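Take a look at the structure below.
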């Protein structure tokens, strides 16, 4: 991923920097990248997406966007809205649905069967992957909003959905 211009380098404010930091993390997650039919481990996809909660919260706290938004910074408020849309509107419902379903199936893995082989036999694997693609549409929308705030274009461009 090539960064054409980063807000920190261009002297932008805290909101633009926060948007950029979240954007970089989000654009590298499996939700914003297509996971092929036989690619990846589903559990790892869930872990990667779940890690966004801590990452986003850390960025928001480090940059004190709540304080900036309360003081009238519109960009800070926009980043907070994107963060809420990302975490509560997109990721939480997806993770709340799929984590327990996958965990229940994982608990039935026979000894000696690899994780990859077991996941490949899951009757809901294709449904999971389809839901992940749908989630990707929402994550891509959020990422594009963040790009508008940060003024930063990440390459390669986000995949068309």
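For this structure, a couple of remarks:
- Residue list for the stretch 110-120, restricted to those being under 20 Å from residue 97 (Cα atoms) and modelled with pLDDT of 95 or more: 118
- Residue in the stretch 52-69 that is in a helix (DSSP H, G or I), without any contact (Cβ under 8 Å) to a residue 12 or more places away in the chain and either buried (at least 17 other Cβ atoms within 10 Å of the Cβ) or in contact with a strand residue (DSSP E or B) (Cβ under 8 Å, 6 or more places away or on another chain) (or both) present: yes
- Within the stretch 133-161, the residues that satisfy the criterion of being crowded, with 19+ Cβ neighbours inside 10 Å, outside any helix (DSSP H, G or I) and either under 16 Å from the mean Cα position of the chain (by Cα) or at pLDDT 90 or above (or both) are 154, 158.
- Picking from residues in the stretch 90-132 that are surrounded by 15 or more Cβ atoms within 10 Å (Cβ to Cβ) and within 30 Å of residue 17 (Cβ to Cβ), the one that is nearest to the chain's Cα centre (by Cα) is 91.
- Test: residue 85 is within 13 Å of the chain's Cα centre (by Cα) and farther than 20 Å from residue 129 by Cβ: yes
- Test set (1) surrounded by fewer than 18 Cβ atoms within 10 Å (Cβ to Cβ); (2) part of a helix (DSSP H, G or I) - residue 24 fails condition number: (1)
The values are calculated or read from the model by the stated rules, or taken from the named source; none is laboratory data. The structure presented is a predicted model; accordingly, all values stated were derived computationally and were not measured. Here the Cβ is made from the backbone with ideal geometry for all residues, glycine too, and neighbour counts use every protein chain on show.
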